[in-house]
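Let me begin by presenting the structure, written as structure tokens, before commenting on it.
Where a number appears in this text, it was derived from the coordinates with a stated rule and is not lab data. Everything numeric here is computed off the predicted structure, so don't read it as measured data. Note that each Cβ is placed from the backbone with ideal geometry, even for glycine, and that neighbours are counted across all protein chains shown.
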Amino acid sequence: MTMQAASTEIASRTAAIIDEMKGLEGPLLPILHSIQEEFGHVPKDALPVIADGLNLSRAEVHGVVSFYHDFRAKPAGRHVLKLCQAEACQSMGSDAVAAKVKQLLGIDFHETARDGSVTLEPVYCLGLCACSPSAMLDGEVIGRLDDEKIEEIVAEVRS
Amino acid sequence: MIPRIYIPADSGALALGAEKVAKAIEKELQERGVEAKIVRNGSRGAYFLEPMVEVATDKGRVAYGPVKPSDIKSLFDSGFLTGGHHKRWLGAPDKIPFLAKQTRLTFARCGINDPLSLDAYKSLGGLRGLQNAVAMAPADVVKQVTESGLRGRGGAGFPTGIKWKTVLDTAGAQKYIVCNADEGDSATFADRMIMEGDPFVLIEGMAIAGIATGATKGFVYIRSEYPHAVATMNKAVAIARKAGVLGLNVLGSPNAFDMEIRVGAGAYVCGEETSLLNSLEGKRGVVRAKPPLPAIQGLFGKPTVINNVISLASVPIIMDKGAAYYKDFGMGRSRGTIPIQIAGNVKQGGLFETAFGLTLGEIVDDIAGGTASGRPVKAVQVGGPLGAYFPRALFDTPFDYEEFAKRDGLIGHAGITVFDDTADMLKQARFAMEFCAIESCGKCTPCRIGSTRGVEVLDKVAAGIEAEKNLALVTDLCNTMKFGSLCALGGFTPYPVMSSITHFPEDFKPAPARVAAE
């Protein structure tokens, strides 16, 4: 697909999402979540379409997208691994867990492995504070991380 | 009767392997040709026993936990479907000391049944509060909530009834009920547990709030880190709508009330009420200056009740059993019960709902059973990332809004994180500043810039560069942040920082001296 065609494709799929949701009260966040679900990230080419559809300036839309940690500017890896780094997990050694995972995957937080297998992110609390240290792999929750569980996770994202 | 097996589908239980346990039980049932009904309940909150599997027997429920998939064969061999003995046997769940010692009002039903069974909800007293409310004048509902002494459980502790009265008294063609389910504080999971384990109690509480104030539309703003809570709430709202609990005629009354579930996008600051309102409107989650109060100009500029999940979920029992019943629990100006969330380095972590007034020491030593690591307790952070660190010397502090304030702390959303003696309090103080820098909405200078400067100055202290002078600078900076910030993020970040410096000065000594001392 040429760049031009890809951008037209994004615009038309974005427009369909906007049409479906713009009747909501305060529709921008639900629209952005849907776009991210559709494309795996919020493509730059979608922003002017949203601005037109909701009668906002492009700057306003950019301001909202860039404010929230969840919205990605580019696609994530095939797996997304989030490690909780908040206080309850700190008290149970989340620092050491993060160091080990980074070493095994060869990437730092906010990075994606070269082969596109996994994106590693910190998260500040998953509400699993009585089962620390905790993590979320592709939306599935994992508690009481230990060496064995870390190795299982690494093997899974690599497979 | 076909045996019934209860396996929690609460996130905490899932994180500890409940799904694998459920699969292993299904497989075992099939292999043995035994018929049984599996119910996926919520969690009762004793996470040190999760996954806790229960079986309904002639003599009532019998619990087993923590169950591993490898236990399943021997459980069946021990006759667990009839409550047989096994090394994981815990007996009747309500006799387990951690659960038996609690006073469950808000969490009375949580973890007992299938959270999406409206019949089960009604069989345990559900909807009685709403039934009473629809038969009353709105002002009387507000009066009952005010008299119960219920205060905002999100952290600020503002009297719920007074907030409602302001909205009731403010004219508006459209009013809203907004539920703050952006439970971002580390050590807190009460909102998540109730949404996953007893969603109808929140829906009922919101409908009562709507009837009491004349609001016809509600929103629950749930953080995106809680996908299971989002899914359960969405299903529960659809069921409630179908059953006439929500809609144009709530429980057949002339009152209309409906609601929507909305999902946040990973911004901690959106737990602050005005920033949450901006986010719901589709804007950046930037804090608004008050006044105007949200009760007067809230969502889309309309009069809005914005309450925490636990505040709203505590309303049905108040409307069912009366203000006096609820008010009888507690101490001083802190009335009723509070779900204390025991987290971090503890032997017995989980949710412990109790009347206000237990001391911090009782919670940490007796109920939590000390640290998981077996090492001495060094510090306990009460109230999440913006709460103070308490040393053992302050363990006599009773769990009460005012008593914690007197000791330069706060109870916040009632999460407590226990640290053992390996904790480095300088590192914790630095993290508090770093977290504030990551999550600041950027609106006010003390928070936006102060947090970054705080990290830099604390790094200098850690490096032993003019430690005394730099600690004085941090103290001054905290003072500016505390009094100069618009909201609790910048305003309360000084609590963990200053309490670390005050109570654990040895951790802030210059590096060479710290090495020499060891």
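Laid out as a table, the results:
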quantity	calculated
Cβ crowding within 10 Å averaged over residues, with B:299-310, A:49-60, B:436-447, B:284-295 ranked highest first	B:299-310, B:436-447, B:284-295, A:49-60
Neighbouring partner chain Cβ atoms per residue of B:186-193, average, 10 Å criterion	5
Shielding by partners - mean other protein chain Cβ count within 10 Å, residues of B:272-282	3
For chain B, calculated [θ]222 nm from helices alone, where every DSSP H run of n ≥ 4 adds -39500 (n - 2.57)	-11500 deg cm²/dmol
Calculated FRET value between A:H62 and A:K149, using beta carbons and R₀ = 41 Å, to 0.05	0.55
Mean Cα-pair separation over length for chain B, i.e. relative contact order, pairs under 8 Å, 6 or more apart, %	13
Greater than 19 Å apart at Cα, pairs in B:K175/B:K217; B:K20/B:K347; B:K20/B:K59; B:K283/B:K482; B:K143/B:K290	B:K20/B:K347; B:K20/B:K59; B:K283/B:K482; B:K143/B:K290
Sequence-separation-based contact order of segment B:251-294, relative, with Cα cut under 8 Å and 6+ spacing, percent	26
Nearest 10 degrees, 0 to 90: helix A:3-21 Cα axis against chain A principal axis	90
Chain A - Rg (one decimal) and Dmax (whole number), Cα, Å	18.3, 52
Averaged over A:90-97, number of beta-carbon atoms from partner chains that fall within 10 Å	6
Normalised per residue, the volume of the convex hull around the Cα set of segment B:425-517 (Å³)	71
Cα gyration tensor shape of the protein assembly as shown, rounded if a/c is under 1.5, else prolate or oblate by comparing a/b with b/c	rounded
Ordering of B:241-253, B:196-208, B:14-26, B:412-424 by packing [mean C-beta count within 10 Å, highest first]	B:196-208, B:412-424, B:14-26, B:241-253
Residue-span extension gain [B:K101 to B:K242] - 0.36 nm each, minus C-alpha spacing	47.0 nm
Estimated [θ] at 222 nm from DSSP helical runs (n ≥ 4, -39500 (n - 2.57)) normalised by residues in chain A, nearest 500	-15000 deg cm²/dmol
For segment A:79-158: rounded, prolate or oblate by the Cα gyration tensor [a/c cutoff 1.5]	prolate
Spin-label zone in segment A:20-45 - amide nitrogen under 13 Å from a point set 7 Å from the Cα of A:A11 along the C-beta vector	A:45
Residues with amide H under 5 Å from that of B:S43, placed H, sequence gap 5 or more	B:D10, B:G111
Where the Cα pairs of segment B:40-166 fall when distances are cut into 10 Å bins, in %	11, 30, 28, 17, 11, 4, 0
Spin-label pair B:H85/A:D138, simplified geometry with 7 Å Cα→Cβ offset, distance in nm	4.5
Rounded Å value of the spacing that divides the Cα centres of segment B:118-155 and segment B:41-92	34
Net length gained if the chain between B:L124 and B:K469 were fully extended (0.36 nm per residue, minus Cα distance)	118.1 nm
Helix A:28-39 vs. chain A, principal-axis angle (Cα, 0 to 90°, nearest 10)	70
C-alpha long axis of helix A:147-158 to longest principal axis of chain A, angle in °	40
Equivalent ellipsoid dimensions for chain B as semi-axes, Å, which come from the Cα gyration tensor, largest first	38, 32, 19
Segment B:425-517, relative contact order in percent, only Cα pairs under 8 angstrom and at least six apart counted	36
Segment B:330-420 shape via C-alpha gyration tensor axes, a/c threshold 1.5	prolate
